[in-house]
Structures are given as C-alpha cells and as structure tokens.
Amino acid sequence: MTTSHLLLSFIFIEILVIILLLFDCSFRNHTVLGLDRSAALEAIQSPAPSPSLRDPVDDDGDDAVSVADQLSLVRCLLVASLTATEAAKKQSRSFKDKRSAISDEFKAMREEITISNSKVKHLKSKFSAKENQAKIAEVKLEAMKKQSEVLLLHYDKALEDNRNLKNQLQDISKGLSFSELEIGRDTNTYLLLS
C-alpha cells in the first residue's frame, strides 16, 4: 500500500467518523467509545518515525515526500480528527444538557398550563353559577315589579273607593243633618202649636 493510499484511507476513515458523530445514534456512541479506547491515542503519543525512511527519488530527480513526512501529516490529521471528535462530544454533551434543561422547562410550563386550565375551568363554573344567580334575581325582580304594579293598582282603587265612600258618607251625613233640621223644625213648630 503506497502512502497516498494510506493517506486516502485515513481521510476516508476521518470522514466516516465525522459522519457517525453527526447523528445521535448507537453507532455514534460506539464510535466515541472506540476512539477513546483506540490505539490511535497511543500512536499519537509515540515518537515520530525516523526521518531516514524515504521514498525513492521521483523520475524528475526531485525527492518524493518522505514516509516520515507522510506519517507526520497523517498523525496531524488524526490529531485534528480526534480534536474535532472531542469537540463534537463536548458539543453533544452540551446539547444534551440544554435539551434536558429545555425539557425540564417545557415540563414546568406544561404543568403551569395545566394548573391555569384548571383555574380557568373553575372560574368558568363560578361565573356560570353567578350568571345563573343573576338571571334568577332578574326574574324575581321582574316578578316583584309586576306584583308592586298590581299592588299599586289595588292601592289606587282602594283610595278611590275610600274617597267615594267618604263622599257618600258626607252626602248621607249632610242629608241626615238637613232632614234632622227639618224634623227639628217640624217638632218645634208642633211644640209651639201645642
């Protein structure tokens, strides 16, 4: 396997690792665990290969990129990949923490909404009861108004009857007084004549 194939395979693996880390699935968790425990960390910490390893000279006479340089480049890419992985893990943890915090806030808001809805239902039922009481009071008020109008009519009629009776009584009283006077005159005359 040539160094270019090795480099391409590392790049392909890096792309695959990045793709696996993008999605929250079981592969992601296994990938993170695998990267944490992998021998790649040991390879990063090991010293770089000796610079004496070199590829053969190109056809042009220029020196080709040495194996050590290629391995150093691959090592740098792997370090960058692992750094990105660690950053992705931290970001994933912060997203999970934020998501759980948001979930807790959502639950609290849901509970508040439930409590508010029950309060609204209670207030609606109280309002309905008060509204029914107001309607009953209105009906009673109307009945009392009608009853008072009827009583007023009876009172007016009773006053009119009372006036009529007083007038009749006065007429009778006047008629009686007049007839008593006449009777008294007749008796006086009779007494004088006798």
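The values are calculated or read from the model by the stated rules, or taken from the named source; none is laboratory data. This one's a predicted model, so the numbers in the text were calculated from it and none came from an experiment. When we count neighbours, we look across all protein chains shown, and the Cβ atoms used for this are built from the backbone with ideal geometry, even at glycine. When the accessible area is computed, the model is the full protein with side chains, heavy atoms only, and any ligands, DNA or RNA have been set aside. Shrake-Rupley method; radii C 1.70, N 1.55, O 1.52, S 1.80 Å.
Within segment 139-147, can one find any residue that is polar (S, T, N, Q), without any contact (Cβ under 8 Å) to a residue 12 or more places away in the chain and open to solvent by less than 100 Å² (accessible area, probe 1.4 Å)?
At the first step, the residues of segment 139-147 found to be polar (S, T, N, Q) are 147.
Retained after the next criterion (residues that are without any contact (Cβ under 8 Å) to a residue 12 or more places away in the chain): 147.
Still in the running and open to solvent by less than 100 Å² (accessible area, probe 1.4 Å): none.
Within segment 139-147, none of the residues are polar (S, T, N, Q), without any contact (Cβ under 8 Å) to a residue 12 or more places away in the chain and open to solvent by less than 100 Å² (accessible area, probe 1.4 Å).
Here is a yes/no grid of residues against (1) out of contact with any strand residue (DSSP E or B) (no Cβ under 9 Å at 6 or more places or on another chain); (2) in a helix (DSSP H, G or I); (3) within 30 Å of Asp24 (Cα to Cα); (4) among the hydrophobic types (A, V, I, L, M, F, W, C):
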position	(1), (2), (3), (4)
Ala101	yes, yes, yes, yes
Glu111	yes, yes, yes, no
His122	yes, yes, no, no
Lys126	yes, yes, no, no
Lys130	yes, yes, no, no
Ile136	yes, yes, no, yes
Leu152	yes, yes, no, yes
Asp161	yes, yes, no, no
Asp171	yes, yes, no, no
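Name every residue in segment 1-26 that is acidic (Asp, Glu) and either in a helix (DSSP H, G or I) or open to solvent by less than 70 Å² (accessible area, probe 1.4 Å) (or both), in order of residue number. Once the filter is applied, which keeps residues that are acidic (Asp, Glu) and either in a helix (DSSP H, G or I) or open to solvent by less than 70 Å² (accessible area, probe 1.4 Å) (or both), segment 1-26 yields only Glu14.
For the condition surrounded by 11 or more Cβ atoms within 10 Å (Cβ to Cβ) and at pLDDT 75 or above, Ala87 qualifies.
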